[in-house]
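Below you'll find the structure, written out as structure tokens, and then a few comments.
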Amino acid sequence: MLIIKTIQEYRNQLVKTKKEHATIGFAPTMGALHEGHLSLIRRSKEVNSLSVCSIFVNPTQFNDPKDFEKYPQTIEADIALLVKEKCDILFLPDVKEMYPDGMGNTGKIDFGFSAKTLEGEFRPGHFDGMAQIVEKLLLAVMPDNLYMGQKDFQQAMIVSLLIKKRKLPIHLEVCPIKREKSGLAMSSRNTRLNANDLLIAAELYKTLKAVKSQIKKEQITSTAQAEAAAQKRLQKFNSIKLEYFSWRKVTTLKPIAATPLSEQSVLLIAAWIGGVRLIDNVLID
Ligand code: PAF
């Protein structure tokens, strides 16, 4: 695996090998890699002749400076995992490389309601910083296919809007959530949970599944009812601080007032456990 730290170096490498590579697949990450990330690399390798992973802990998307400081960094282990997966290139830039003119965001895109609700409401500025770095990474790596995880459901939606708005010739594939045996969605942040919190964190997915099954049985027919059911279930756990639980339309993220629904929907949750913020979601067909 080649480890490349600058955009220029990456471009030089592409020029050298371009003819050998029909398509480039790309999985952007912030490191602390787990099975979820590795599944993106595996998918890329199935489809593309060159697979690139980036690791860059992007300062501009952390609305909470403490979260940035505490973000797990495990670069040696990450490199070993990527080598094992036979990832072709690790793009590993530093802050100066990605933000040569400072971290101001002059090219903000208005993503409308999709970026204002849920994560947008609880993490102000997060999606602006995320979109800012993803655009920079896409322009640097120039992939044909982009792989992102469904766990960050709203993030993937905003990246698909970014691709549309900037008219980038890139296909986004959203890959399924990888889960621990307990059902807990894999996340780099899970490494910050102690054993007890890890057990309790599995309640988030259990709640998503329980509410999904009530929706399927038509016992729940609106976003308000879904939220009330989740709150009731989770209030038993003192260490879970629920930020939101919501049932939304997949295409617009608008709440659901009544059923039957003619479109796909999604249940989304964000909660704090042991000082760590976790998110998860399940699709409802
Ligand atoms: O999902 C992440 O790890 C990050 O938000 C991303 C997409 C790599 C941008 O920094």
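Which residues, counting only those in segment 76-118, are of a type in the set (A, V, I, L, M), within 21 Å of Asn48 (Cα to Cα) and either touching a strand residue (DSSP E or B) at 6+ places or on another chain (Cβ under 7 Å) or touching a residue at least 60 places away in the same chain (Cβ under 8 Å) (or both)?
Within segment 76-118, Ile79, Leu82, Val83, Ile89, Leu90, Leu92 qualify.
Going by the structure shown, is Glu20 out of contact with any helix residue (DSSP H, G or I) (no Cβ under 9 Å at 6 or more places or on another chain), surrounded by fewer than 15 Cβ atoms within 10 Å (Cβ to Cβ) and without any contact (Cβ under 8 Å) to a residue 12 or more places away in the chain? Break it down stepwise before answering.
Numbers: out of contact with any helix residue (DSSP H, G or I) (no Cβ under 9 Å at 6 or more places or on another chain): yes; surrounded by fewer than 15 Cβ atoms within 10 Å (Cβ to Cβ): yes; without any contact (Cβ under 8 Å) to a residue 12 or more places away in the chain: no.
Against the criterion (out of contact with any helix residue (DSSP H, G or I) (no Cβ under 9 Å at 6 or more places or on another chain), surrounded by fewer than 15 Cβ atoms within 10 Å (Cβ to Cβ) and without any contact (Cβ under 8 Å) to a residue 12 or more places away in the chain), Glu20 does not qualify.
Among the strands (runs of 3 or more DSSP E) lying completely within segment 5-104, list those that include at least 3 residues that are at negative phi and within 14 Å of the ligand (Cβ to nearest atom).
Details: elements: 24-29, 50-55, 89-91.
Of the strands (runs of 3 or more DSSP E) lying wholly inside segment 5-104, those with at least 3 residues that are at negative phi and within 14 Å of the ligand (Cβ to nearest atom) span 24-29, 50-55.
Quick check on Leu268: is it closer than 16 Å to Phe122 by Cα and not polar (S, T, N, Q)? Can you show your working first?
On the way: closer than 16 Å to Phe122 by Cα: yes; not polar (S, T, N, Q): yes.
So Leu268 fits the description; yes.
Going through segment 188-208 one residue at a time, which ones are away from the ligand (no atom under 16 Å from the Cβ), in contact (Cβ under 8 Å) with a residue 40 or more places away in the chain and surrounded by 13 or more Cβ atoms within 10 Å (Cβ to Cβ)?
Leu193, Asp197, Ile200, Ala201, Leu204, Tyr205, Thr207, Leu208
Among (1) in a helix (DSSP H, G or I); (2) touching a Phe, Trp or Tyr at 6+ places or on another chain (Cβ under 7 Å), which single condition is Glu243 missing?
Checking Glu243 against (1) in a helix (DSSP H, G or I); (2) touching a Phe, Trp or Tyr at 6+ places or on another chain (Cβ under 7 Å), the one that fails is (1).
For the subset of segment 123-153 comprising residues that are basic (Lys, Arg) and near the ligand (Cβ under 10 Å from one of its atoms), which member is nearest to Lys18 (Cα to Cα)?
The first filter runs over segment 123-153 and keeps only residues basic (Lys, Arg), leaving 123, 136, 151.
Next, only the ones that are near the ligand (Cβ under 10 Å from one of its atoms) stay: 136, 151.
Working: Lys136: 21, Lys151: 32 Å.
Of everything passing the filter in segment 123-153, Lys136 is nearest to Lys18 (Cα to Cα).
Any read-out appearing in this document is the output of simple, stated calculations on the displayed coordinates, not a laboratory observation. Values in this document were obtained by computation on a predicted structure and should not be read as measured data. Backbone-built Cβ (ideal geometry, glycine too); neighbour counts: all protein chains shown.
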